[in-house]
Amino acid sequence: MKIYTRTGDDGTTAAFGGKRISKGDPQVEAYGSIDELNSIIGLVISLIPRKDPIRSFLNSIQKDLMVIGSVLAGWGGSVNTLESKVEKMEAHMDAFGKKVPPLVNFILPGGSLFASQVHVARSVCRRTERTIVRLTQYHAHYAIIAKYLNRLSDFLFVYARVMNKTARIKEISWKG
């Protein structure tokens, strides 16, 4: 079976139900951004030791992102479990927060190669969140997706900080 169909060569894609829509449509941008975020989280996971429990947690995040993408594309699925996932992210952040000093200034993204990759994932997550927020004015039920992505970006930020501390790399403050 060939992977290419040539049907998208004109800048359209098939929406759920077969209708052709522009690849520039905000809905397509939203689920494309989710796919990009999922890919960068996959890269982060590949850098985590196999026995680290955060690896399986991030794998569960990837599965959530697949469901979110399918909902955004109109293929089905339910986002009803996202609220409990937000709580799990908060629990991880509370535990991580005990390992790093409180923030008194902004910090520059970077540090170790691993933490830098996590910061890239965080910034992709923030952009994806902005894409979803624009859609919530037309689809109020997407608000839980925006909340989930907001918390995920917070989680990734704190995780990057912990990874820099673990690597004994000092954060660089930005005071403006």
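The values are calculated or read from the model by the stated rules, or taken from the named source; none is laboratory data. Just so it is clear, the model here is predicted, and its values are computed rather than measured. When we count neighbours, we look across all protein chains shown, and the Cβ atoms used for this are built from the backbone with ideal geometry, even at glycine.
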Contacts under 6 angstrom Cβ, first residue in the stretch 1-26 being of a type in the set (A, V, I, L, M), partner in a loop (DSSP other than H, G, I, E, B), 6 or more apart: 21/15
Residue match in the stretch 119-132 (condition: at pLDDT 95 or above, among the charged types (D, E, K, R) and either touching a Pro at 6+ places or on another chain (Cβ under 6 Å) or under 15 Å from residue 62 (Cα atoms) (or both)): yes
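Do we have residue 173 as among the hydroxyl-bearing types (Ser, Thr, Tyr) and at pLDDT 95 or above here? Walk me through how you get there before you give the answer.
Details: among the hydroxyl-bearing types (Ser, Thr, Tyr): yes; at pLDDT 95 or above: no.
No.
Any chance the stretch 82-95 includes a residue that's small (Gly, Ala, Ser), surrounded by 14 or more Cβ atoms within 10 Å (Cβ to Cβ) and either over 20 Å from residue 131 (Cβ atoms) or under 16 Å from the mean Cα position of the chain (by Cα) (or both)?
The initial filter retains those residues of the stretch 82-95 that are small (Gly, Ala, Ser), namely 84, 91, 95.
In the following step, the residues that additionally are surrounded by 14 or more Cβ atoms within 10 Å (Cβ to Cβ) were identified as none.
There is no residue in the stretch 82-95 that is small (Gly, Ala, Ser), surrounded by 14 or more Cβ atoms within 10 Å (Cβ to Cβ) and either over 20 Å from residue 131 (Cβ atoms) or under 16 Å from the mean Cα position of the chain (by Cα) (or both).
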Some residue of the stretch 114-124 being small (Gly, Ala, Ser), closer than 23 Å to residue 36 by Cβ, touching a residue at least 40 places away in the same chain (Cβ under 8 Å) and in contact with a helix residue (DSSP H, G or I) (Cβ under 7 Å, 6 or more places away or on another chain): yes
Of all residues in the stretch 1-23 being surrounded by 10 or more Cβ atoms within 10 Å (Cβ to Cβ) and aliphatic (A, V, I, L, M), the one that is nearest to residue 71 (Cα to Cα): 15
Residue, surrounded by the most Cβ atoms within 10 Å (Cβ to Cβ), within the stretch 156-174, restricted to residues that are touching a strand residue (DSSP E or B) at 6+ places or on another chain (Cβ under 8 Å) and not in a helix (DSSP H, G or I): 171
Qualifying residue in the stretch 37-51 (condition: without any contact (Cβ under 8 Å) to a residue 24 or more places away in the chain, more than 20 Å from residue 75 (Cβ to Cβ) and charged (D, E, K, R)): yes
Every pair of residues 6+ apart whose Cβ atoms lie under 9 Å, when the first sits in the stretch 77-91 and is in contact (Cβ under 8 Å) with a residue 12 or more places away in the chain and closer than 10 Å to residue 64 by Cα while the second is surrounded by fewer than 14 Cβ atoms within 10 Å (Cβ to Cβ) and among the small types (Gly, Ala, Ser): 85/60
Pairs with Cβ under 7 Å, 6+ apart, first in the stretch 125-145 and over 14 Å from residue 79 (Cα atoms), second among the acidic types (Asp, Glu) and assigned to a helix (DSSP H, G or I): 131/29
Unique residue being within 22 Å of residue 90 (Cα to Cα), out of contact with any strand residue (DSSP E or B) (no Cβ under 8 Å at 6 or more places or on another chain) and aliphatic (A, V, I, L, M) when the list is 48, 3: 48
